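Structure first, commentary second.
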Amino acid sequence: MKKIIIIFILLCLGSLSAFAVDVIPASSKSIKNYGVGILKIEKDFDVYSEPKENSKKLGHFTMQNTKSAIIETTGQINPFIIEIPSQKDYFVTIYEYPSENWIKIYFNKKGNETGWIKIKDKSNFMTWKEFMLKYGKANGLKIMRDVPSTEYILYAQADENAKIADEFIYPEHIACRMIQGNWMLITVDDSGKEYKTGWFQWRTSDGKLRLFPNMKEKF
C-alpha cells in the first residue's frame, strides 16, 4: 500500500513539474507593453535613464532561477521577460529598435516606464514576427486565453473580410506555416480529430498578440 502511495505522489509531482513549464502569457493583457520586439539579454543588467553609463541608474535587475517560460518579476524593475529554459536564454520586451550599444526597454511591465540598458550585440534583437516564425515553427503555438471562441475562425486569405475557410473548436496544436503582416497561415489540430488550415490574425492592428509560441517543449 505504501509503495502505491509513493508512486502516486511521484506521479503527481511529475505532473506538476510538467505543468510548471507549460507557460505562455495567460492573455493578451499579460503583456502590458508590446514594443517592436524582443532582445536576448544577459541574466543581470542595469537600467539607466539615458543611453550612457554616467546617467541616472534606475535600478538593477537580477534574473531568478525558474522553470517557467514567462518570468514573473516584482519590484520597480519588473520587465516582461521570456525564458527558454532548455537554452538558458532570456529575452526582454523592446521599446524601439536598438542603436549600436544601447537599447530602450519597458522596465516596468505594469506601466509605461522606459529605460536604457547597455547591450553587447544588437543582432540578438528579434521583431515579434521573427520570434513567432523561429519559435512558433519549432514548437507550435498556443492561442491566448482571452481570445473568444467565437473568433476561432480561419480565413481563405489574410484579410478579415475574406471568405471563411474553416472554424475550429479546441486547438490542441497550432502549426505556423507563414506570416503575412499581422496574419499567419496556420494548421490547427482541432480536438485531435481533424487538421484545418487557413489564415488567422496573430496580432491585432494595435499590436496585441493573439498567439504565442508553445514554451512547454524544448527548443
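Say R0 is 41 Å: what FRET efficiency, to the nearest 0.05, do Lys43 and Gln157 get from their beta-carbon distance?
Working: r = 43 Å, r/R0 = 1.06.
Computed FRET efficiency for Lys43 and Gln157: 0.40.
Label Glu53 and Asp146 with points 7 Å out from Cα along Cα→Cβ: what is the distance between them in nm?
4.0 nm
What ranking do 160-171, 192-203, 132-143 get when scored by the average of other Cβ atoms within 10 Å per residue, highest first? Don't skip to the end; give the middle numbers.
Numbers: 160-171: 13.7, 192-203: 17.5, 132-143: 19.2.
By packing density, highest mean first, the sequence is 132-143, 192-203, 160-171.
Quick one: length gained pulling Glu100 to Ile169 fully straight, 0.36 nm per residue minus the C-alpha distance?
Computed gain between Glu100 and Ile169 is 20.2 nm.
Name all residues of the stretch 161-180 having a backbone nitrogen under 19 Å from the label point set 7 Å from the Cα of Thr127 along its Cα→Cβ direction, giving them as ranges.
176-180
Out of residues 5 or more away from Ile103 or on other chains, whose amide H comes under 5 Å of its own, with H placed 1.01 Å from N in the peptide plane?
The list, which skips near neighbours in sequence, is Ile117, Ile119.
For a protection proxy built on the mean count of beta-carbon atoms within 10 angstrom, sort 117-128, 94-105 highest first, please. Walk me through the intermediate numbers first.
Working: 117-128: 15.9, 94-105: 17.6.
Packing proxy ranking, top to bottom: 94-105, 117-128.
With point charges of +1 on the Cβ of Lys and Arg and -1 on the Cβ of Asp and Glu, referenced to the Cα centre of the stretch 140-213, which listed residue (Ser191, Ser205, Pro148) lies farthest in the positive direction of the dipole?
Ser205
Taken together, the values in this text are just the output of simple stated rules run on the coordinates, not laboratory data. Quick caveat, the model's predicted, so the values are computed rather than measured. Note: ideal-geometry Cβ built from the backbone for every residue, glycine included; neighbour counts use all protein chains shown.
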